[in-house]
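The values are calculated or read from the model by the stated rules, or taken from the named source; none is laboratory data. These numbers were taken from a predicted model, which means no experiment stands behind them. Every residue, glycine as well, gets a Cβ built from its backbone with ideal geometry; the counts of neighbours run over all protein chains shown.
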Amino acid sequence: MDSASQEMDRLGKQHIDLPNQRTADTRRLPRCHGLCRTACLLVLCILGRDAFAEAPQQPSPLTPQISKQLSEPSIDTSTPLYEQPPFDLLYLNAANNNAVLKLSPVPLPDRKVPQPLPRSGYLEIELFDRPGERYRVPWQAVVQLKLFEQLLLEQATKLIQEKRFDEAYDYLDYVATHYPNVSGFAEVEQLFLIEEARAALVQGQSERAFADLCRLSELNPNHPELSSLIGQAVDTLVAQRWQKGEYAAARGVVETLSKLLPQHPAIEKWRQQWQTEAAELEKQVRQALAEGNARQADRLVRKLRQVWPQQPGLDQLIAEVRQAYPRFQVGITQPGARPDPTSLIDWGSRRCGQLIRKALVEYTGPGPEGGEYRSAFLRWQLDAEKQTLTLRLRPERPRFADGRSYTAYDLAQQLASRAARHHEAYFPPWAEVVAGIRVFSPEEVIVNLRFVPLKPEALLQCVPVPAVILASSAGNRSPDVGPFLLAAEESSSSRWVFLRNSHAGTSSDQTSPVGPAEIEEIAFPRCRDALRALRGGEVDIVDRVNPWELPLLAEARDVTVQTYRVPLVHLLVPNLSKPLPGNRDFRRAMLYAIDRDRILQSLLGGKRQPGCQVISGPFPAGTSFGDPLGYAYDAQIKPREYQPSLALALSEIAFRQAQEVARKRGLPPPESREVVLAHPPHEIAREACRQIQEQWRLIGWTVKLVEASPDRPPPPDYDFLYVEAAIWEPEVDVIRLITRLISERQYLSPQVELALAGLGHSADWPTLGQRLRDLHRWVYDDLTVVPLWQLVDFYAYRSGIKGLEEPRVSLYQNVETWQFAPN
Amino acid sequence: MALSRQFCKSDEPSRNPATPITWWRPSGKHLPDPVGVRRQIKLAFYVSTGHMMRRQPIEKTRLLREALIAAAAIAWLGAFPVVYGQSFFTLVPCRLNVICLLPPEIATSTGLEQEFCRQLGERLASEQGPAWRVSVAPPSAEDRAILRAALRRDLPFDPPTSWRKVALRDKVVVLAVKRTGLGWHVVSRDWDVRVERLGPLVEHTAPTWSGVLAAAAETVRRAVVPVAQIRLVEQQAVRLDLQGSLLMEERSPLPRRQFLALARYEDRDGNARAVVPLPWTILQSPEGPPAEDGSVSCQIISGLKNPLSARRRGRVQLLAWAVTPRSRSVVLSLRNRQDSQKPLVGYEVLAQPDGEGSPQFLGRTDFAGQVEIPTEDPPGWKLLWVKHGRRVLAKVPLVDGSTEFTELALPDDDPRLLAEGYVMSVQDQLVDLVTLRSVLIARLRARIAAGDWEQAIRLRDQLLQLKSREVFSSELTQQQQRLFCPDPVGQKQIDKMFEETRRLVNLYLNPREVEELVKEIAMKAPRRTDTP
């Protein structure tokens, strides 16, 4: 072996041995490890350069003796070829013992082997296993030279023949990425597509087969087997989708085929079939209308629109049916498991609660002084001098589903139970105000007050419950008393049907149009799916659109997007009873570790939205300058900045403190740097928490994400709970939020407790505003809740629906007045 | 003389022989009680107390005679080598008037009623021996009017004047027998004349009439609440002289009990002008038999500093009345000491059952300054802690279910709490600042060492932008001037907190290190040529 080879061997050994020479200290310090590696590379480069400088300038001739020694190349078959260092194979003639040499990639022009092989001259090679050992091979001795990319294609072909399509795909993907100009690739790819499609059809995977054949038709529309195979795939796929009721998707398959192979017979076959079916449906719709079965007609006409939207006169027919039976389909992503129109943190419950359980007093939006309210049940009158609140029931108030009326006795008992310390409905701000309750007449209740609150109606937000149910303390049996009733027998786990409540109170304005006869909520796993259904006409409204998906609706002409009137406040509520989140330094550390601006921008799809901003406290900051909603927010308090290095140091300090606290309390001390972050099952929360997880990971904390429905108590071991809170009447809602989420009050900051206690006694709005801003300051200092951002939400609906134009706080706020506009 | 000094200690030397006389051994050392001496003491007191009970109204001649007898007794006892630190109270039998209310069918039959009363009296007398002097009688017309209120927990009770005369009796026990579907229901309650308090309601059932007598006797025995005179021994310990304890046939072990301490203010005739419980004070007796002198040693548990040693005007007796813990929750109210109408809201209440272990959180006072105190199982007593922020405002004992004290007046601590919150916030800022400063300094040193002057200057600028010690101190001073606490203790704590924070600021925000780095950069960093 020559001196150059010996030197390379020595260097190779040195290179291998280098990692073993690291001391224990360098292994412990990752930064030093990086430095060492860089230094080692530097040394290697210098030594290597010198070594190459000593290599012979001219390659040696390859003698038969040498070729005999090298004729058994070692190729690793356990690792895919594309994961191995590239090499070429050289096949020599009999004079060289038919040797096969494994070479480092031969530097041919454009990596193309000259065809036919030259008869004179030499090929310079470098042996793969002996880097730097270069030889000259006369072209005459060469029988074949196989390049690495050809070897890859050969292996892919072999895998295709063995029907190992996933592995073959990886080879083809690698070749397409790294050697796009290799000859023979198109043939192998077509072979792959046709063979995989054939196999998929046999296995019933018609969707995959269709996708392969579509690609094949782009590559080679004249492939002899394409037409028959794609016909089979389309027939199977369309039949499957049709059977599932995915009419638009089925039509989409045929539309795709018509673009690729316009003359394919399957296109005409299916179109003919659908037209026939549409004609039959139209006939049934007209028959149902004639029989007065408008509900059935509505269902049929919706199906008709999906089956064949090009049916002549369809728009006219739809308008006719809608006139007879106004039915709205709403796409949702958060079902309301426990309907409650007054829910603070559960979007779904708040939405569907408005349909079936109307609140005694409803919040309709921010006003110049606190919120604005309305009630379908009562009128209220405050006598500040006598310190009384008179509640008169409306004669036209809604009735319960069983036809029972809500009486003054029900109201009095309900109000009394909200003031009773041991009752589950106990509401401390109400108990503080109330001195006595008496039924003045069957329609009137008088509440004697200890002091006059600024907004007494804000304290009356609850769902009417009959006294008999209150007395039996069956809290979960809140009866339905809303404009709609849930038709349980027609509902499923993904669809909820609400029918108009015949007992609901008649509107005082008799000339107003009759609202929806039926509302159907359809749950979609992703907002994107709901939007697709909206564009396709499957649903009329989508109740919540993710801000980053708004561009999907930008070009949809028949869809209108509106913002909700008040934003939600997004917070992390710490589990104060646990040592780590109970530590103030830890909470601060975790907040410093969240780049809230960046996450917010990501949620907004990189665009700015008015009303969306990072916040420093638990209150909404308002959507514009001077927005009365932001009266509780102290704009002087700036949100804490993103400081990962500070977060890292603080979290370490807090971790040690928490371990000591846990030992003192007799709890198991936190062993690992892991936190559990619970969040509602919705995409916005999911995405935000995923990004928080990433950012906390950067400071060395592992985050376990847990989905928890907000209508249920959070999992017991959670550390932080992500909530989207509707803090619309800060004076009352912040108390409701803390009462609901921080059950163990001993861990609540006494300053926050003191500030909360002072809110009810505010004599005027400026005083209340100042006290709320003081509370903001205390919450900011203590991080009782970790403020993230406020986010404006959006809803989208198909144009032609009246009643949804005005911004609202909740989707069904004026559901009784919705109607379809005549065409 | 030690004896006269001890007499004077009870506020005023009593000229009323009814006032218990405390006897003290001159050396103050207790010695074992020989049986003979004990018998002689008993004999002497039978004579004196029997006389005392017969006198009414008190006359000057009688007073003189009683004083002479007392002097003779002292002289006689002084002849013995041992004189005991005990009161006569342990030798005074309890005079018990049992008012027996029987069902109408029995009460109408005079003979039966009388017979029942006689038998009950005999039974009680035989059971209790000389410790009780029992008389059992049907209710008088005057008594009947108030018996109903006496036997109900929820009705206000105002006894007739005769029930308040200590010269007539020590206790009135109301006993009622009713027929129920399952037999006979016997209920009894004790009215103590000295402490003017109703004891707990004691109930018993008997399936047949033949068992009613035994049940009635048992009910009466259980209804009687022990009363004792308090003897101050040490700062935190007293001895209780239980009434008639030396007259008991045998010294049976007593359970661990809690006593309420009361001050009885008397007029010249020995009748109570007022009986005032010592607030938030209980006396805890250990389990076991009383001492040889009939007294029980007790630990004082109180929210006050020196509850028993306070100077009181007039004729005052310090009495102890046993409290029975009950399984019911109590609502505790916290009021502002300066403004009693103002509730103290948001104050933490914690409890240590039996005054041991770590305090457990019970709740925070609501808008009315109230918090519910649950009972333990089995009921006992607990030491309540009232906390506000980091300050412990009070530690008071509470016997489970006792409604004797439910309102606690405390200083308004809100201004101090706000100051505490502010100081905590400043300390948090300080922690953040010091941490960030350390990180920046470390990075700056690394950049200087690497000769990366551009980055070093950038980091130096960041360091110089951080809040300085002077700014911190100035803010602290301004805020301290704004905060005022009317409670001097609270104000003192506020000042202390600010001082401590100022010390931390000075300690951790030393500008020297930054100044040195700035100098080093100024010396070593290459000067920019493009700057004018």
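Key figures
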{"quantity": "Checklist (1) in contact with an Asp or Glu (Cβ under 7 Å, 6 or more places away or on another chain); (2) of a type in the set (Asp, Glu); (3) part of a strand (DSSP E or B) applied to residue A:711, failing item", "calculated": "(3)"}
{"quantity": "Selected residue (criterion: farthest from the other protein chains (Cβ to nearest Cβ)) from residues of segment A:744-802 that are among the polar types (S, T, N, Q) and in a loop (DSSP other than H, G, I, E, B)", "calculated": "A:799"}
{"quantity": "Top-ranked residue in segment A:262-278 [being in contact (Cβ under 8 Å) with a residue 24 or more places away in the chain and surrounded by 14 or more Cβ atoms within 10 Å (Cβ to Cβ); ranked as nearest to residue A:218 (Cα to Cα)]", "calculated": "A:264"}
{"quantity": "Filter result for residue B:364 (more than 18 Å from residue A:747 (Cβ to Cβ), among the basic types (Lys, Arg) and surrounded by 18 or more Cβ atoms within 10 Å (Cβ to Cβ))", "calculated": "no"}
{"quantity": "Hits in segment A:802-818 - residues which are more than 20 Å from residue A:568 (Cβ to Cβ), touching a residue at least 24 places away in the same chain (Cβ under 8 Å) and surrounded by fewer than 19 Cβ atoms within 10 Å (Cβ to Cβ)", "calculated": "A:805, A:817"}
{"quantity": "Flag for residue B:333 being of a type in the set (Ser, Thr, Tyr), in contact (Cβ under 8 Å) with a residue 60 or more places away in the chain and closer than 16 Å to residue B:407 by Cβ", "calculated": "yes"}
{"quantity": "Qualifying residue in segment B:472-485 (condition: within 30 Å of residue B:339 (Cβ to Cβ), modelled with pLDDT of 90 or more and exposed (fewer than 14 other Cβ atoms within 10 Å of the Cβ))", "calculated": "yes"}
{"quantity": "Top-ranked residue of segment B:384-395 - restricted to ones that are buried (at least 20 other Cβ atoms within 10 Å of the Cβ) and not in a loop (DSSP other than H, G, I, E, B), ranked as nearest to the other protein chains (Cβ to nearest Cβ)", "calculated": "B:388"}
{"quantity": "Residue that is nearest to residue B:463 (Cα to Cα), among those in segment B:403-449 that are over 35 Å from the mean Cα position of the chain (by Cα) and polar (S, T, N, Q)", "calculated": "B:438"}
{"quantity": "Strands (runs of 3 or more DSSP E) enclosed by segment A:410-502 - at least 2 residues per element that are within 30 Å of residue A:530 (Cβ to Cβ)", "calculated": "A:484-486, A:495-500"}
{"quantity": "Unique residue being closer than 18 Å to residue A:732 by Cβ, more than 14 Å from chain B (Cβ to nearest Cβ), surrounded by fewer than 20 Cβ atoms within 10 Å (Cβ to Cβ) and at pLDDT 90 or above when the list is A:382, A:415, A:460", "calculated": "A:382"}
{"quantity": "Residue within segment A:717-728 that is among the β-branched types (Val, Ile, Thr), more than 14 Å from every other protein chain (Cβ to nearest Cβ) and at negative phi present", "calculated": "yes"}
{"quantity": "Checking residue A:420 against (1) of a type in the set (A, V, I, L, M); (2) free of Cβ contacts under 8 Å to residues at least 24 places away in the same chain; (3) surrounded by 19 or more Cβ atoms within 10 Å (Cβ to Cβ), the condition it does not meet", "calculated": "(3)"}
{"quantity": "Meets criteria (under 30 Å from residue B:432 (Cα atoms), of a type outside the set (D, E, K, R), in contact with a Phe, Trp or Tyr (Cβ under 7 Å, 6 or more places away or on another chain) and surrounded by fewer than 18 Cβ atoms within 10 Å (Cβ to Cβ)) for residue A:616", "calculated": "no"}
{"quantity": "In segment B:467-521, the residues that are part of a helix (DSSP H, G or I) and of a type in the set (Phe, Trp, Tyr)", "calculated": "B:472, B:498, B:508"}
{"quantity": "Where residue A:116 falls short, out of the listed (1) closer than 30 Å to residue A:165 by Cα; (2) surrounded by fewer than 18 Cβ atoms within 10 Å (Cβ to Cβ)", "calculated": "(1)"}
{"quantity": "Filtered residue count, segment B:188-223, keeping only those that are of a type outside the set (Ser, Thr, Tyr), closer than 20 Å to residue B:401 by Cα and part of a strand (DSSP E or B)", "calculated": "8"}
{"quantity": "Looking only at segment B:407-416, and only at residues there that are within 14 Å of another protein chain (Cβ to nearest Cβ) and surrounded by fewer than 21 Cβ atoms within 10 Å (Cβ to Cβ), the one that is nearest to residue B:511 (Cα to Cα)", "calculated": "B:415"}
{"quantity": "Scope segment B:278-317; condition basic (Lys, Arg) and either touching a residue at least 24 places away in the same chain (Cβ under 8 Å) or crowded, with 18+ Cβ neighbours inside 10 Å (or both); matching residues", "calculated": "B:311, B:312, B:313, B:315"}
{"quantity": "Subset of segment A:78-102 (residues that are under 15 Å from residue A:142 (Cβ atoms) and either hydroxyl-bearing (Ser, Thr, Tyr) or touching a residue at least 60 places away in the same chain (Cβ under 8 Å) (or both))", "calculated": "A:88, A:89, A:91"}
{"quantity": "Scan of segment B:370-383 for residues that are closer than 19 Å to residue B:404 by Cα and either facing chain A (nearest Cβ under 10 Å) or not hydrophobic (A, V, I, L, M, F, W, C) (or both), ordered by number", "calculated": "B:370, B:372, B:374, B:375, B:376, B:379, B:380, B:382"}
{"quantity": "Residue under evaluation residue B:458, criteria (1) within 10 Å of chain A (Cβ to nearest Cβ); (2) surrounded by fewer than 18 Cβ atoms within 10 Å (Cβ to Cβ); (3) in a helix (DSSP H, G or I), criterion not met", "calculated": "(1)"}
{"quantity": "Subset of segment A:227-241 [within 29 Å of the chain's Cα centre (by Cα) and buried (at least 19 other Cβ atoms within 10 Å of the Cβ)]", "calculated": "A:237, A:241"}
{"quantity": "Filter result for residue A:578 (without any contact (Cβ under 8 Å) to a residue 40 or more places away in the chain and part of a loop (DSSP other than H, G, I, E, B))", "calculated": "no"}
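To keep it simple, each residue is scored yes or no on (1) basic (Lys, Arg); (2) under 36 Å from the mean Cα position of the chain (by Cα); (3) at pLDDT 85 or above; (4) within 23 Å of residue B:227 (Cα to Cα).
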| residue | (1), (2), (3), (4) |
| --- | --- |
| B:111 | no, no, no, no |
| B:124 | no, yes, yes, yes |
| B:131 | no, yes, yes, yes |
| B:134 | no, yes, yes, yes |
| B:153 | yes, yes, no, yes |
| B:165 | yes, yes, yes, yes |
| B:181 | no, no, no, no |
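Here's the yes/no breakdown for (1) among the acidic types (Asp, Glu); (2) at negative phi; (3) out of contact with any helix residue (DSSP H, G or I) (no Cβ under 7 Å at 6 or more places or on another chain):
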site	(1), (2), (3)
B:315	no, yes, yes
B:318	no, yes, yes
B:323	no, yes, yes
B:346	no, no, no
B:355	no, no, yes
B:370	no, yes, yes
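Yes/no per residue for (1) part of a helix (DSSP H, G or I); (2) facing chain A (nearest Cβ under 10 Å); (3) in contact with a Pro (Cβ under 9 Å, 6 or more places away or on another chain); (4) not basic (Lys, Arg):
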site: B:335; (1), (2), (3), (4): no, no, yes, no
site: B:356; (1), (2), (3), (4): no, no, no, yes
site: B:361; (1), (2), (3), (4): no, yes, no, yes
site: B:368; (1), (2), (3), (4): no, yes, yes, yes
site: B:397; (1), (2), (3), (4): no, no, no, yes
site: B:404; (1), (2), (3), (4): no, no, yes, yes
site: B:418; (1), (2), (3), (4): yes, yes, no, yes
site: B:431; (1), (2), (3), (4): yes, yes, no, yes
